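A short worksheet on the structure shown next.
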Amino acid sequence: MLEPRRRAEMAARFFLPNHGRNVGKAMLLAARRSAKRETVTAGPSLHIIVPTLQCGHTCQYCQVSRAQTDTGFSMSPAMLDAVCDRIWESRADDLTVEFQGGDPLVRFDLIVRAVEKLTRLNCDGRRRFRFVVASTLHQLTTEMCEFFRTHSVVLSTSLDGPEHLHNRNRPVPGKDSFQRTLDGVLLARQHIGEHAVSALMTTTRASLAFPEQIVDEYVRQGFNEIFLRPLSIYGFAKRNFTRLGYSREEFQAFYERALRRILWWNERGVPLREVYMSIVMNKILSTFDAGYVDLQSAAESGTSVLVYNYDGWVYPSDEARMLVETGDASLRMGRVTDSLDQLLSCATGQRMRQASKAAALDCVACAYRHYCAPNPVDSQAQFGRPDVPAHQTEHCMRHQWLFDTAFEQLHSASPDVEEMFHVWARPGAISENPCDR
């Protein structure tokens, strides 16, 4: 039985139903739901550019094929100019442009071309651009850092944990991937800024035994956030799942141990934020949505993010372009030379939205239906069709468990930890790092 003050607090946050008619609260709830959807209804706000597939790594969990040569595996300048035109056509005032690959730093010239063109288009400053480069950082130079600092470009890299684990997961011919990544992080911090680089990790079977060591490595390297991500079974990575994969229960056990370690560090005055839990807490605690793509509205799939591949094809998500690696090109939206209106009204987008609505019928009785949404791309990858009932998909089962875990954490949290979760939930604290680099 909740005490009166706690019950009033829970009702004010819409966790408890309002008994009787209260038009004011109903209108406030509708306004909050509308605010939550602004990242979807404002037009495509996340634009992912893949300038090249070139990469020096041979990561077994990589979701896309990588290329050792530039021939036929990089965008032409004309393609890139068309991509910039598509980005500028978006109605969104806040635009994130993320460069992925391969390793985009291999074609630094294309990054420069895109950033400079979009900056010229925005000469009056009426749009807000955020530029992100997802890279191993092995090719990073002082010259690149100076350009990134001038244009407020931030960097994202991968750090899979201690040296032995990172080098195993992300091999390069010199067997020094870990040290070369840290050298890049140091260079960026020196020339761009202390917080110029964020990092994320991918959990493989080899990672499962080292949750505390992985967290401790992030603390040791001076990062203030870590993204504990499961293995994504898309594209190229799907072929290696037998060797690298694990059960959902194994990942949950790994995640719980790692989260306990993160909370342990915070209790000792070392701030470290877990990005996945921050995303979930944002859905629960914040009025404004952080715009995390994988949990966007079911009715708007393919409208909040666009991916422009090196070969000129456009996709509704990064995972959709990865399906091509296994021969499934059914989610292509069109070419970079098509107008944005053509891309958004294409048959693929319509099919995705219809599939989302069909799958969402399964969500009517779910307690988390306002926080989450079906993922038709995940359904396509898992079952070969986008409209499988949501509860059957790995996407749904994983996020139901994460929401359960979040509420358990809130229920048992001390006032200080609860306040920390509210800080984690702020939209501005959450960066979009969906990539495997």
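The values are calculated or read from the model by the stated rules, or taken from the named source; none is laboratory data. Everything numeric here is computed off the predicted structure, so don't read it as measured data. Note: ideal-geometry Cβ built from the backbone for every residue, glycine included; neighbour counts use all protein chains shown. Ligands, DNA and RNA are excluded from the accessible area calculation, which covers all protein heavy atoms including side chains. Shrake-Rupley method; radii C 1.70, N 1.55, O 1.52, S 1.80 Å.
Points worth noting:
- Any hit, the range 201-212, residues being over 27 Å from His399 (Cβ atoms) and open to solvent by 10 Å² or more (accessible area, probe 1.4 Å): no
- Residue that is nearest to the chain's Cα centre (by Cα) [pool: residues in the range 88-100 that are open to solvent by 10 Å² or more (accessible area, probe 1.4 Å) and of a type in the set (D, E, K, R)]: Asp94
- Meets criteria (within 25 Å of Asp311 (Cα to Cα), open to solvent by less than 30 Å² (accessible area, probe 1.4 Å) and of a type in the set (Val, Ile, Thr)) for Thr157: yes
- Residues of the range 379-388 satisfying the condition of being closer than 14 Å to Arg353 by Cα and assigned to a loop (DSSP other than H, G, I, E, B): Arg385, Pro386, Asp387, Val388
- Each residue in the range 217-245 was checked for being at pLDDT 90 or above, open to solvent by 40 Å² or more (accessible area, probe 1.4 Å) and part of a helix (DSSP H, G or I), and 1 of them qualify.
- Within the range 171-195, the set of residues being modelled with pLDDT of 90 or more, open to solvent by 10 Å² or more (accessible area, probe 1.4 Å) and in contact with a Cys (Cβ under 9 Å, 6 or more places away or on another chain) comprises Leu187, Gln190, His191, Ile192.
- Count - residues of the range 145-154 that are within 24 Å of Glu225 (Cα to Cα) and surrounded by 15 or more Cβ atoms within 10 Å (Cβ to Cβ): 5
- Within the range 383-412, the set of residues being touching an Asp or Glu at 6+ places or on another chain (Cβ under 6 Å) and either farther than 21 Å from Glu319 by Cβ or not β-branched (Val, Ile, Thr) (or both) comprises Pro389, Ala390, His391, His395.
- Residue in the range 114-128 that is buried (at least 20 other Cβ atoms within 10 Å of the Cβ), within 19 Å of the chain's Cα centre (by Cα) and not polar (S, T, N, Q) present: no
Conditions (1) β-branched (Val, Ile, Thr); (2) touching a Leu at 6+ places or on another chain (Cβ under 7 Å); (3) open to solvent by less than 10 Å² (accessible area, probe 1.4 Å); (4) at pLDDT below 95, marked per residue:
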{"position": "Arg385", "(1), (2), (3), (4)": "no, no, no, yes"}
{"position": "Gln392", "(1), (2), (3), (4)": "no, no, no, yes"}
{"position": "Trp401", "(1), (2), (3), (4)": "no, no, no, no"}
{"position": "Gln409", "(1), (2), (3), (4)": "no, no, no, no"}
{"position": "Phe421", "(1), (2), (3), (4)": "no, yes, yes, no"}
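- The sole residue among Asp85, Asp70, Asp103 that is more than 30 Å from Arg205 (Cα to Cα) and either open to solvent by less than 40 Å² (accessible area, probe 1.4 Å) or at pLDDT 75 or above (or both) is Asp85.
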